[in-house]
Amino acid sequence: MSARARLIVASALMLLLELSLIRWSGAKVVHLSYFSNFVLLGSFLGIGLGFLRASKPGRGLPYYSPLALVGLVGFVSAYPVTVDRTDSSVIFFSSLATSGPPSWVALPVIFLAVAAVLAGPGEMVADCFHQLERLDAYRYDLIGSMAGIAAFTLFSFLGAPPLAWFLLAGALFVVLFGEVGTSVSVTLVVVLVALFGYPLSQNSDLNKVFWSPYYQVSTFEQVDASGETLWQVYVNGIPHQRLTSAALRQSQEPFYVEPYLRVPDPPKEMLIVGAGTGTDVSIALSQGVEHVDAVEIDPRLLEFGELNNPDRAYDDPRVSTYVNDGRAFLQRTDKEYDLVLFALPDSLTLVAGASALRLESYLFTEEAMASARDHLAPGGAFAMYNFYREPWLVDRLAGTLDEVFGHSPCLLSNPQAISLAVMVAGLTEADQTCDTTWQAAGDVPPPSTDDHPFLYVQDGEGLLGIPWIYVIAIGLILLVSVASVGLVAGSEAKGMWAYRDLFFLGAAFLLLETKNITGFALYFGTTWLVNALVFFGVLVAVLAAVEITRRFAVPPIKTMYAVLFGGLILAWAVPTSWVLSLPLLLRLVVAIVIAIIPIMAANVIFAQRFATTSNGTTAFGTNLLGAMFGGCLEYVALAVGYRSLLIVCAGLYLVAYLTTPKQIPDSTGRHLSHQPG
């Protein structure tokens with residue numbers, strides 16, 4: 001292959017492996033529910049190390065990479081971390097007992113293995129950088145990255161299992177290794193087929209285990225003591241739903257009918273967020289509701305409910321289904337309801353690329369509760385129930401309803417049942433009929449907000465508001481990363497100092513990307529498709545910046561930094577509430593404009609600087625390691641909120657500007673001023 005074609009294939013492999021490992025390891029290792037970007041950080045470290053290693057002469061093909069991949073898959077397959085729980089109705093909030101290797105064993109092994117896996121493609125990409133002009137190499141790297149994201153997005157859309165993801169990755173290894181590495185690459189494909197194909201061959205009913213865009217879903221058919229057939233639904237090894245008839249569920253767990261008992265008049269129009277496999281919908285219909293809008297974020301769970309719900313709830317003409325994020329649905333509809341119910345909407349997974357943002361995080365903020373209130377018809381009520389795990393979490397949610405509705409909600413609470421709670425808040429106090437209402441006992445945690453949507457993080461814990469579990473993990477990651485860079489780069493590590501500005505550019509851009517991911521998730525929903533489009537859109541913007549730099553005379557770096565800081569100020573100044581109030585199409589335009597200005601400016605700066613580097617692979621590797629550092633800084637949002645990440649981002653860009661050499665030597669030995677004129 002030509003260097004350009006090889007670069008595209010290697011970059012596609014790099015992104016495909018990164019996304020596949022994030023998704024697959026999160027389904028197999030429950031500990032990773034604490035660290036959504038743990039594998040991402042390992043990926044950045046590995047790619048950066050691959051670029052640094054590419055500067056060493058006399059290297060062979062990176063056979064260690066597929067071997068590390070097989071070792072990682074084998075380790076996790078042999079020693080999975082699973083939930084050790086007998087009561088399948090209990091909802092997991094990252095605190096149940098687990099079986100398998102402890103986190104202090106599993107997490108370091110996975111982190112280092114991911115770094116080793118990604119170092120190989122990184123090294124092959126870096127080899128192509130040696131053969132091409134700087135910006136020409138960068139543009140083909142971006143094109144390959146976009147191809148990798150597109151392939152994984154297609155797999156998510158089709159519900160393809162990991163066998164398909166990693167077989168494609170193995171095929172790309174075969175292409176890149178060529179005739180020289182035929183035996184190694186063929187062995188890789190055979191082993192991957194064995195590791196992922198064997199479990200599939202043992203499953204006689206493939207519908208029992210399937211992959212949605214968010215989880216691995218496992219379903220188990222059982223017969224209840226009463227003789228009724230029911231389904232247990234696990235996601236990523238965690239008990240998630242129990243699919244039964246409305247009659248059985250109401251007899252065994254009567255709290256499901258509490259919302260209908262706490263309103264003066266039976267509801268006619270109802271919205272259910274988190275409809276899942278349809279049990280809540282069945283109960284609503286059995287209570288006489290005339291029409292239900294059922295919203296579920298996961299299309300495969302909804303499809304499973306359509307096929308297997310014993311009451312055939314989704315076949316009922318009184319039910320309309322919507323595959324969407326609940327908050328996004330509320331923002332897009334003008335309809336009013338007699339009852340809005342948040343029915344156990346616990347995703348048990350986190351948004352890729354965001355440190356602690358769950359799929360449902362923006363559904364439980366103060367602003368989201370206000371949006372639900374605004375969709376209530378006169379006399380209407382809002383209700384929610386779940387097993388909330390901790391009493392302080394019940395107080396936080398009940399206190400949020402108290403603030404939003406102006407009066408205490410009805411509260412049915414059973415702390416012995418893992419803080420089971422049912423809350424009902426009428427539009428007015430007369431619109432709720434309570435046996436007991438919530439009463440604040442001691443200090444009530446403040447509401448979760450759109451800027452600080454960390455419902456499950458208790459305030460005041462850890463270091464400056466960042467829980468110790470994150471502080472310790474990130475500290476260890478940074479120590480391991482520094483040691484790895486020293487080991488791989490050796491004496492050449494000193495050469496990285498010349499590109500310290502690129503390190504800070506990488507760190508700042510990762511935070512900027514995170515802010516955009518969380519912003520678009522708030523504006524348009526935390527769905528997998530929105531997330532994929534944001535990642536793809538960022539790469540398109542970066543590619544556009546590179547093309548502009550290649551083809552046109554761009555302003556000097558000093559001017560571009562002014563544009564960059566102006567874009568950050570604009571993003572800070574525009575209120576989130578104002579953007580959310582806009583019509584959908586106008587909201588999209590405004591969100592793109594706010595995002596695109598700093599992204600384009602930052603990448604024009606990077607392209608200008610990268611084009612003049614004397615050692616492209618070391619420079620690019622330094623930038624990638626900076627991105628890993630930015631991923632660690634992302635956890636600062638747990639303390640200060642996502643909006644304040646813009647301040648941290650601006651500070652990093654300021655350091656990058658101040659550390660940019662006044663005279664920049666290019667690859668020909670000439671010197672270019674970064675502040676011409």
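Read-outs: derived from the displayed coordinates by stated rules, not from any lab. These numbers come from a predicted model, not from an experiment. Here Cβ is always computed from backbone atoms with ideal geometry, including for glycine, and neighbour counts include all displayed protein chains.
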task = Compute the Cα gyration tensor for the stretch 383-422, then decide on rounded, prolate or oblate, letting a ≥ b ≥ c be the square roots of its eigenvalues: rounded whenever a/c is under 1.5, prolate when a/b is larger than b/c in the other cases, and oblate in all that remain.
result = prolate
query = Using a Förster distance of 25 Å, how high is the FRET efficiency between Glu403 and Leu585, based on the Cβ-Cβ distance and rounded to 0.05?
reply = 0.20
task = Would you pull out the residues with amide H under 5 Å of Phe454's amide H, same chain only if 5 or more places away, H placed 1.01 Å from N?
result = Thr449
request  = Among Glu303, Glu123, rank each residue by its count of other Cβ atoms within 10 Å, from fewest to most, as a rough exposure measure.
outcome  = Glu303, Glu123
key: Free-standing Cys, the chain [no other Cys Cβ under 4.7 Å]   = Cys128, Cys632, Cys649
ask   = Which one, (i) 176; (ii) 151; (iii) 160, gives volume of the Cα convex hull per residue in Å³ as derived from the coordinates shown?
value = (ii)
request  = Would you mind ranking Cys128, Cys632 so that the residue whose beta carbon has the fewest other beta carbons within 10 Å leads the list?
outcome  = Cys632, Cys128
task = Exposed loop trypsin sites (Lys or Arg not before Pro) only (DSSP loop, at most 10 other Cβ atoms within 10 Å): please give the longest stretch of the chain free of them, not including the sites.
result = 1-661
task = Pop out the Kirkwood hydrodynamic radius of the stretch 472-583 from its pairwise C-alpha distances, inverse of mean 1/r, in Å to one decimal.
result = 17.5 Å
request  = Work out the FRET efficiency for Val105 and Arg59 from their Cβ-Cβ distance, taking R0 = 35 Å, and round it to the nearest 0.05.
outcome  = 0.65
query = Tell me, what is the FRET efficiency for Lys558 and His130 to the nearest 0.05, using R0 = 35 angstrom and their Cβ-Cβ distance as r?
reply = 0.70
request  = Take the Cα pairs of the stretch 240-345, get the Kirkwood Rh, then feed it into Stokes-Einstein at 4 °C and 1.567 mPa s and tell me D in µm²/s.
outcome  = 95 µm²/s
inquiry  = Please report the antiparallel percentage of the DSSP beta bridges confined to the chain, to the nearest 5.
reply    = 60 percent
Sorted by Cβ density within 10 Å, fewest first, the residues Asp265, Asp338, Asp501, Asp316 = Asp265, Asp316, Asp338, Asp501
query = Which residues' amide hydrogens lie under 5 Å from the amide hydrogen of Gln216, considering only partners 5 or more residues apart or on another chain, with H built in the peptide plane?
reply = Asn236
ask   = What residues qualify as long-range amide H neighbours of Gly462, i.e. H under 5 Å apart, gap of 5 or more or another chain, H built at 1.01 Å from N?
value = Trp468
Signed unit charges on C-beta, dipole axis of the chain, positive-most listed residue Gly442, Ser481, Cys410 = Ser481
key: Net charge dipole size for the chain [Lys, Arg +1 and Asp, Glu -1 on Cβ; Debye, nearest 20]   = 3260 debye
key: Debye, to nearest 20: dipole size of the stretch 388-510, +1 on Lys, Arg Cβ, -1 on Asp, Glu Cβ   = 740 debye
Anisotropy class of the stretch 298-399 from Cα gyration tensor, a/c 1.5 cut = oblate
query = Among Ile297, Phe255, Val281, whose Cα lies farthest out toward the positive end of the dipole of the stretch 192-344, if unit charges sit on the beta carbon of Lys, Arg (+1) and Asp, Glu (-1)?
reply = Ile297
note = A chain fully extended from Arg312 to Trp578 at 0.36 nm per residue, minus the present Cα-Cα distance, gains in nm 91.6 nm
note = Distance in nm between Arg332 and Ile592 label points, each 7 Å along Cα→Cβ, equals 1.7 nm
query = Where the convex hull is taken over the Cα atoms of the stretch 556-642, what is its projected area averaged over directions, in nm²?
reply = 7.2 nm²
note = In order over the stretch 211-223: 3J(HN,Hα) from phi, Karplus 6.51/-1.76/1.60, θ = phi - 60°, whole Hz, x for each Gly or Pro, gives 10, 8, x, 10, 9, 8, 10, 10, 10, 10, 8, 9, 10
query = By how many nm would the segment from Ala3 to Gln252 grow when fully extended, if each residue of separation counts as 0.36 nm and the alpha-carbon distance is taken off?
reply = 83.2 nm
key: Unit charges at the beta carbon, dipole of the chain: most positive-side option, Ser644, Gly616, Val590   = Gly616
inquiry  = I want to check the label-to-label distance for Ile472 and Lys494. Put each point 7 Å from Cα in the C-beta direction and report it in nm to one decimal.
reply    = 3.8 nm
remark   = A student applying the Cα gyration tensor rule (rounded when a/c is under 1.5; otherwise prolate if a/b is larger than b/c, oblate if not) would label the stretch 120-277 oblate
query = When the helix-only estimate is applied to the chain (DSSP H runs of n ≥ 4, each -39,500 (n - 2.57), divided by the residue count), what is the mean residue ellipticity at 222 nm, nearest 500 deg cm²/dmol?
reply = -18000 deg cm²/dmol
message = Please compute the modelled spin-label separation between Asn414 and Leu464, points set 7 Å along Cα→Cβ, answer in nm with one decimal.
response = 4.4 nm
query = How many angstrom lie between the C-alpha centres of the stretch 275-322 and the stretch 152-175?
reply = 32 Å
ask   = Can you give me the Cα centroid spacing of the stretch 433-484 and the stretch 570-636 in angstrom?
value = 26 Å
Karplus-derived HN-Hα couplings along the stretch 397-408 (A = 6.51, B = -1.76, C = 1.60, θ = phi - 60°), whole Hz, x at Gly and Pro = 5, 5, x, 5, 4, 4, 5, 6, 8, x, 7, 5
query = Going down the list Lys335/Lys515; Lys494/Lys558; Lys268/Lys335; Lys56/Lys494, which pairs span over 21 Å between their C-alpha atoms?
reply = Lys335/Lys515; Lys494/Lys558
Nearest-ten-degree value, helix 299-308 long axis tilted from longest Cα axis of the chain = 40 degrees
request  = Report the dimensions of the stretch 476-534 along its three principal axes from the alpha-carbon atoms, largest first, rounded to Å.
outcome  = 48, 23, 17
message = Please list, in order along the stretch 381-395, the HN-Hα scalar couplings obtained from phi with the Karplus expression 6.51 cos²θ - 1.76 cosθ + 1.60 (θ = phi - 60°), rounded to whole Hz, x for Gly and Pro.
response = 8, 10, 9, 8, 8, 4, 9, 8, 6, 10, x, 5, 6, 4, 5
